[in-house]
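**Student:** Can you keep this structure in mind? I'll have questions shortly.
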Amino acid sequence: MRRLLAALVVLAGAATVATAQQMLPSPAMVIYPGEIISDTMLVDVESRDLARGGGPAVERRADLIGKAARRTLLPGAPISPAFVESPRAVANGATVRVIYQDDGLTIVASASAMQSGAVGDSIKLRSADSGLTITGAIQPDGSVRVRDK
(Lines give C-alpha, C1' and ligand atoms only; values in the text may rest on other atoms or scores of the structure.)
Protein backbone atom coordinates (compact mmCIF):
# COMPACT_ATOMS: atom_id res chain seq x y z
CA MET A 1 0.00 0.00 0.00
CA ARG A 2 2.83 2.39 0.87
CA ARG A 3 4.57 1.67 -2.44
CA LEU A 4 1.37 2.37 -4.33
CA LEU A 5 0.87 5.64 -2.46
CA ALA A 6 4.51 6.63 -3.08
CA ALA A 7 4.17 5.83 -6.78
CA LEU A 8 1.02 7.97 -7.04
CA VAL A 9 2.78 10.90 -5.34
CA VAL A 10 5.71 10.62 -7.77
CA LEU A 11 3.38 10.44 -10.78
CA ALA A 12 1.37 13.44 -9.54
CA GLY A 13 4.60 15.43 -9.13
CA ALA A 14 5.72 14.49 -12.64
CA ALA A 15 2.39 15.59 -14.07
CA THR A 16 2.73 18.95 -12.31
CA VAL A 17 6.24 19.43 -13.71
CA ALA A 18 5.08 18.45 -17.20
CA THR A 19 2.31 21.08 -17.18
CA ALA A 20 4.62 23.88 -16.02
CA GLN A 21 5.98 25.25 -19.30
CA GLN A 22 9.26 27.03 -19.74
CA MET A 23 9.42 30.35 -21.56
CA LEU A 24 11.97 30.32 -24.40
CA PRO A 25 13.13 33.16 -26.66
CA SER A 26 12.04 32.90 -30.28
CA PRO A 27 12.46 35.31 -33.19
CA ALA A 28 9.68 37.91 -33.49
CA MET A 29 10.63 38.32 -37.17
CA VAL A 30 12.86 36.64 -39.71
CA ILE A 31 16.50 37.13 -38.68
CA TYR A 32 18.98 36.70 -41.53
CA PRO A 33 22.54 35.31 -41.35
CA GLY A 34 25.03 37.89 -40.14
CA GLU A 35 22.41 40.07 -38.43
CA ILE A 36 23.19 41.04 -34.85
CA ILE A 37 20.33 39.97 -32.57
CA SER A 38 18.75 42.69 -30.43
CA ASP A 39 16.14 42.41 -27.68
CA THR A 40 13.41 43.82 -29.95
CA MET A 41 13.95 40.95 -32.41
CA LEU A 42 12.90 38.36 -29.80
CA VAL A 43 9.69 37.30 -28.08
CA ASP A 44 9.24 34.88 -25.18
CA VAL A 45 7.06 31.90 -26.06
CA GLU A 46 6.04 28.88 -24.01
CA SER A 47 8.17 25.93 -25.03
CA ARG A 48 5.10 23.88 -25.94
CA ASP A 49 4.08 26.56 -28.47
CA LEU A 50 7.40 26.33 -30.34
CA ALA A 51 7.86 24.05 -33.31
CA ARG A 52 10.51 21.78 -31.79
CA GLY A 53 13.35 20.56 -33.93
CA GLY A 54 14.39 17.96 -31.39
CA GLY A 55 17.69 19.60 -30.46
CA PRO A 56 18.68 21.89 -27.60
CA ALA A 57 17.31 25.44 -27.54
CA VAL A 58 18.76 28.62 -26.05
CA GLU A 59 16.83 29.24 -22.83
CA ARG A 60 17.73 32.86 -21.99
CA ARG A 61 17.44 36.06 -24.03
CA ALA A 62 20.73 37.29 -22.59
CA ASP A 63 22.51 34.41 -24.33
CA LEU A 64 21.25 35.68 -27.72
CA ILE A 65 21.44 39.48 -27.50
CA GLY A 66 24.53 40.79 -29.27
CA LYS A 67 25.18 37.49 -31.08
CA ALA A 68 25.15 37.14 -34.87
CA ALA A 69 22.83 34.71 -36.62
CA ARG A 70 24.70 31.94 -38.45
CA ARG A 71 21.60 30.93 -40.43
CA THR A 72 18.11 32.27 -41.07
CA LEU A 73 16.06 32.22 -37.84
CA LEU A 74 12.31 31.93 -38.31
CA PRO A 75 9.51 33.20 -36.02
CA GLY A 76 7.95 30.50 -33.89
CA ALA A 77 11.01 28.27 -34.03
CA PRO A 78 13.38 27.57 -31.15
CA ILE A 79 16.92 28.89 -31.50
CA SER A 80 19.66 26.30 -31.23
CA PRO A 81 23.00 27.44 -29.74
CA ALA A 82 24.59 26.28 -33.02
CA PHE A 83 22.54 28.87 -34.94
CA VAL A 84 24.29 31.89 -33.32
CA GLU A 85 27.89 33.02 -32.86
CA SER A 86 29.86 35.94 -31.50
CA PRO A 87 30.01 38.72 -34.08
CA ARG A 88 33.18 38.84 -36.15
CA ALA A 89 35.58 41.57 -35.08
CA VAL A 90 38.06 40.78 -37.85
CA ALA A 91 37.23 39.55 -41.36
CA ASN A 92 39.43 37.24 -43.40
CA GLY A 93 41.70 39.37 -45.61
CA ALA A 94 41.23 42.56 -43.60
CA THR A 95 44.24 44.71 -42.73
CA VAL A 96 44.54 44.92 -38.96
CA ARG A 97 46.76 46.66 -36.48
CA VAL A 98 49.09 44.21 -34.70
CA ILE A 99 50.50 45.12 -31.29
CA TYR A 100 53.40 43.52 -29.46
CA GLN A 101 54.22 44.69 -25.93
CA ASP A 102 57.01 43.55 -23.62
CA ASP A 103 58.64 45.38 -20.68
CA GLY A 104 57.76 48.89 -21.87
CA LEU A 105 58.54 48.14 -25.51
CA THR A 106 55.57 48.50 -27.86
CA ILE A 107 55.69 47.59 -31.54
CA VAL A 108 52.74 48.38 -33.78
CA ALA A 109 52.56 47.03 -37.33
CA SER A 110 50.02 46.10 -40.00
CA ALA A 111 49.12 42.60 -41.04
CA SER A 112 46.58 40.85 -43.22
CA ALA A 113 44.16 38.52 -41.40
CA MET A 114 44.29 34.97 -42.72
CA GLN A 115 41.16 34.03 -40.74
CA SER A 116 37.99 35.69 -39.48
CA GLY A 117 37.45 35.86 -35.75
CA ALA A 118 35.55 37.29 -32.81
CA VAL A 119 36.96 39.15 -29.83
CA GLY A 120 39.22 36.80 -27.87
CA ASP A 121 39.79 34.39 -30.76
CA SER A 122 43.34 33.52 -31.75
CA ILE A 123 43.91 34.03 -35.48
CA LYS A 124 46.76 33.80 -37.99
CA LEU A 125 48.00 36.90 -39.81
CA ARG A 126 50.56 37.62 -42.50
CA SER A 127 52.91 40.48 -41.65
CA ALA A 128 52.81 43.24 -44.27
CA ASP A 129 56.49 44.08 -43.58
CA SER A 130 58.17 40.67 -43.43
CA GLY A 131 55.63 38.30 -45.01
CA LEU A 132 55.91 36.01 -41.96
CA THR A 133 52.87 34.31 -40.48
CA ILE A 134 52.13 35.34 -36.90
CA THR A 135 49.39 34.44 -34.41
CA GLY A 136 47.59 36.75 -32.02
CA ALA A 137 44.41 37.33 -30.04
CA ILE A 138 41.73 39.73 -31.25
CA GLN A 139 41.16 42.66 -28.88
CA PRO A 140 37.86 44.52 -28.32
CA ASP A 141 39.09 47.47 -30.43
CA GLY A 142 39.73 45.17 -33.44
CA SER A 143 43.49 45.11 -33.09
CA VAL A 144 45.42 41.87 -32.61
CA ARG A 145 47.80 41.38 -29.69
CA VAL A 146 50.78 39.13 -30.41
CA ARG A 147 52.14 37.05 -27.56
CA ASP A 148 55.62 35.77 -26.87
CA LYS A 149 56.00 32.03 -27.49
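**Student:** Calculated FRET efficiency, Asp102 and Thr72, Cβ-Cβ r, R0 41 Å, to nearest 0.05?
**Tutor:** On the way: r = 46 Å, r/R0 = 1.11.
Result of the calculation: an efficiency of 0.35.
**Student:** Multiplying the sequence separation of Asp44 and Met23 by 0.36 nm and subtracting their Cα-Cα distance, what value in nm do you get? Write down the numbers at each step before the final one.
**Tutor:** On the way: separation 21, 0.36 × 21 = 7.56 nm, distance 0.58 nm.
Answer, rounded to one decimal: 7.0 nm.
**Student:** From the alpha carbon gyration tensor of region 87-137, can you work out the equivalent ellipsoid semi-axes (sqrt of 5 times each eigenvalue) and give them in Å, largest to smallest? The partial results should precede the final answer.
**Tutor:** On the way: eigenvalues 68, 37, 14 Å².
Over the Cα atoms of region 87-137, the semi-axes work out to 18, 14, 8 Å.
**Student:** On to the next question. Not counting ligands, DNA or RNA, and with a 1.4 Å probe, what is Met41's accessible surface area in Å² rounded to the nearest 10?
**Tutor:** The accessible area of Met41 comes to roughly 20 Å².
**Student:** Would you work out the charge dipole size for region 72-149 about its Cα centre, treating the Cβ of every Lys and Arg as +1 and the Cβ of every Asp and Glu as -1, and quote it to the nearest 20 debye?
**Tutor:** On the way: 7 positive and 7 negative charges, 37 e Å.
Its charge dipole is roughly 180 debye.
**Student:** Separate question: By how many nm would the segment from Met114 to Thr135 grow when fully extended, if each residue of separation counts as 0.36 nm and the alpha-carbon distance is taken off?
**Tutor:** Stretched out fully, the Met114 to Thr135 stretch lengthens by 6.6 nm.
The values are calculated or read from the model by the stated rules, or taken from the named source; none is laboratory data. Owing to the predicted nature of the structure, the values given are computational and were not obtained by experimental measurement. Note that each Cβ is placed from the backbone with ideal geometry, even for glycine, and that neighbours are counted across all protein chains shown. Just so you know, the surface numbers come from the protein's heavy atoms only, side chains and all, with ligands and any DNA or RNA stripped out. Shrake-Rupley method; radii C 1.70, N 1.55, O 1.52, S 1.80 Å.
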